[in-house]
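S.K.: Starting off with a structure, shown below.
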Amino acid sequence: MTLVLRGWDHLRSGKVRDLYTNQSGNLLLVASDRISAFDYVLPTAIPNKGRVLTQLSLFWFDLLSPIVPNHLISTEVPEEVQGQAVIVKPLMMFPIECVARGYLTGSGWVEYQASQTVCGIALPAGLVDGSKLPEPIFTPAYKAELGEHDENITFAQCTELIGESAAIALRDLTLKIYRTAHDYAATKGIILADTKFEFGIDNAGQICLGDEVLTPDSSRFWAAATWNPGGAQPSFDKQFVRDWLLGSGWDRQSPPPELPAEIVAKTQERYESAYKVLTGKEI
């Protein structure tokens, strides 16, 4: 159920976030406790998840501010959503998920097995699930409508969609942010395997980082101490939920099942642990 917030009009809801606007034209971005997987919103929420996404994004926005501006205006939000919402400026969003991969896994691993490429980028032979890539790569995806699957595309296709200069700018920003975040996470014993960013243009014409950034919803975080290429890696992200769903017997065509209490608790623990390890603080 969408919250009614005084002074704010509900604009739309995505899989996880609810967006509101006010008379000034600013936006209220609320991170809910909903969780999605395989392009479905699951019927079971993860307690405290919205706070983790919001507070971790704020941490990264601050750390990355010397590299790229972001959409944040204020954290002074209605009491009902305190801690899990931010006020942001509207951006003209690019229709591209800007994905950076430093390790081979997920859809990249699936494509590599078929063609030894990821989004048209040729990779060395002999890599396995979880291998570190020779260098990070930019593998964009076209943002699908709600309920549809994002489509991995080549850099050439990205250029056709948004123009060459914008594509180059987003690629370079994505890889610079990834390297900065990867190196920081490494100091905390965390491997940032891959992540995705969303960018938009503000009223001044500058490219800004928007939405969420470097959270367990948008990134794969692995424990460096247990990294062992050749299979699935223990993670601090929602891969745990994906793995349970894959083993549950669900056909991925019908509505997804409720998550058992044990899976909910362990998922919450993973999200909160990611925040604590990366920031050094309790959520």
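S.K.: What number of residues within the range 30-47 satisfy the criterion of being assigned to a loop (DSSP other than H, G, I, E, B), touching a residue at least 24 places away in the same chain (Cβ under 8 Å) and either buried (at least 20 other Cβ atoms within 10 Å of the Cβ) or in contact with a strand residue (DSSP E or B) (Cβ under 8 Å, 6 or more places away or on another chain) (or both)?
M.R.: 4
S.K.: If I ask for residues that are touching a His at 6+ places or on another chain (Cβ under 7 Å) and either under 16 Å from ARG101 (Cβ atoms) or surrounded by 23 or more Cβ atoms within 10 Å (Cβ to Cβ) (or both), which ones from the range 191-208 would you list?
M.R.: LEU192
S.K.: When only residues in the range 48-105 that are buried (at least 19 other Cβ atoms within 10 Å of the Cβ) and of a type in the set (Phe, Trp, Tyr) count, which is nearest to ILE191 (Cα to Cα)?
M.R.: Across the range 48-105, the extreme among qualifying residues is TYR103.
S.K.: Select the strands (runs of 3 or more DSSP E) contained entirely in the range 177-280, then report the ones holding at least 2 residues which are within 16 Å of the chain's Cα centre (by Cα) and free of Cβ contacts under 8 Å to residues at least 60 places away in the same chain.
M.R.: Details: elements: 190-201, 207-210, 219-223.
Strands (runs of 3 or more DSSP E) meeting the threshold: 219-223.
S.K.: Report, ordered by the first and then the second residue, all pairs with beta carbons closer than 8 Å, sequence separation of six or more or different chains, a first member in the range 71-89 that is free of Cβ contacts under 8 Å to residues at least 12 places away in the same chain, and a second member that is outside any loop (DSSP other than H, G, I, E, B).
M.R.: GLU76/ILE87
S.K.: What number of residues in the range 238-267 are touching a helix residue (DSSP H, G or I) at 6+ places or on another chain (Cβ under 7 Å) and farther than 15 Å from TYR40 by Cβ?
M.R.: Total satisfying the criteria: 4.
S.K.: OK, next. Looking only at strands (runs of 3 or more DSSP E) that lie completely in the range 66-175, which have at least 1 residues being touching an Asp or Glu at 6+ places or on another chain (Cβ under 8 Å) and acidic (Asp, Glu)? Let's see the steps before the verdict.
M.R.: Details: elements: 72-74, 85-88, 96-103, 132-138.
Here the list reads 96-103.
S.K.: With respect to VAL4, determine if the residue is of a type in the set (Val, Ile, Thr) and in contact with a Gly (Cβ under 8 Å, 6 or more places away or on another chain).
M.R.: Details: of a type in the set (Val, Ile, Thr): yes; in contact with a Gly (Cβ under 8 Å, 6 or more places away or on another chain): no.
Answer is no for this residue.
FYI, it's all coordinate maths here, none of it is from the lab. Computed from a prediction, not measured in an experiment: that's the story for all the values here. Methodologically, a virtual Cβ is constructed for each residue, glycine included, from the backbone with ideal geometry; neighbour enumeration extends over all protein chains shown.
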